[in-house]
Amino acid sequence: MNLSCYPDVLTIQDLMAILHIGKNAAYRLVQEGIIKAHKIGRIYRIPKICLNDYLQSARFKTNI
């Protein structure tokens with residue numbers, strides 16, 4: 001998955017597009033702390049490195 005065309009700090013909409021998930025699923029991932037994010041006011045910002053960490057952990061879980 002090539003994330004180089006996305007900024008270093010992602011929005012919920014970016015997360016939805018990258019993972020091909022809906023808005024409710026994206027919010028659930030960040031609200032439950034599955035993907036680390038920072039809430040600034042009413043807006044979630046997801047560092048790209050946190051998404052990479054999530055993808056790496058998901059990859060290892062499926063390879064077991």
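I need two numbers for the chain: Rg to one decimal and Dmax as a whole number, Cα atoms only, in Å.
In order Rg, Dmax, the Cα atoms of the chain give 11.5, 39 Å.
Residues of region 4-64: accessible area per residue at 1.4 Å, in Å²?
On the way: 4360 Å² over 61 residues.
Ligands and nucleic acids excluded, the figure is 71 Å² per residue.
Over the chain, with every protein chain in place, what whole percent of the accessible area is carbon and sulfur at 1.4 Å, could you tell me? Intermediate values should be presented prior to the final figure.
On the way: 2480 of 4640 Å².
Answer for the chain: carbon and sulfur cover 54 percent of the accessible area.
What is the extension gain from residue 49 to residue 13, computed as 0.36 nm multiplied by their sequence separation minus the C-alpha to C-alpha distance, in nm to one decimal?
Numbers: separation 36, 0.36 × 36 = 12.96 nm, distance 1.66 nm.
Additional length available on full extension: 11.3 nm.
Which one of 35, 21, 46 has the biggest mean-square fluctuation once the chain is modelled by GNM with Cα springs under 10 Å?
With Cα springs under 10 Å in the chain, the top fluctuation among 35, 21, 46 is at 21.
The values are calculated or read from the model by the stated rules, or taken from the named source; none is laboratory data. Quick caveat: nothing in here was measured; it's all calculated off a predicted structure. The accessibility values were calculated without ligands, DNA or RNA, using every heavy atom of the protein model including side chains. Shrake-Rupley method; radii C 1.70, N 1.55, O 1.52, S 1.80 Å.
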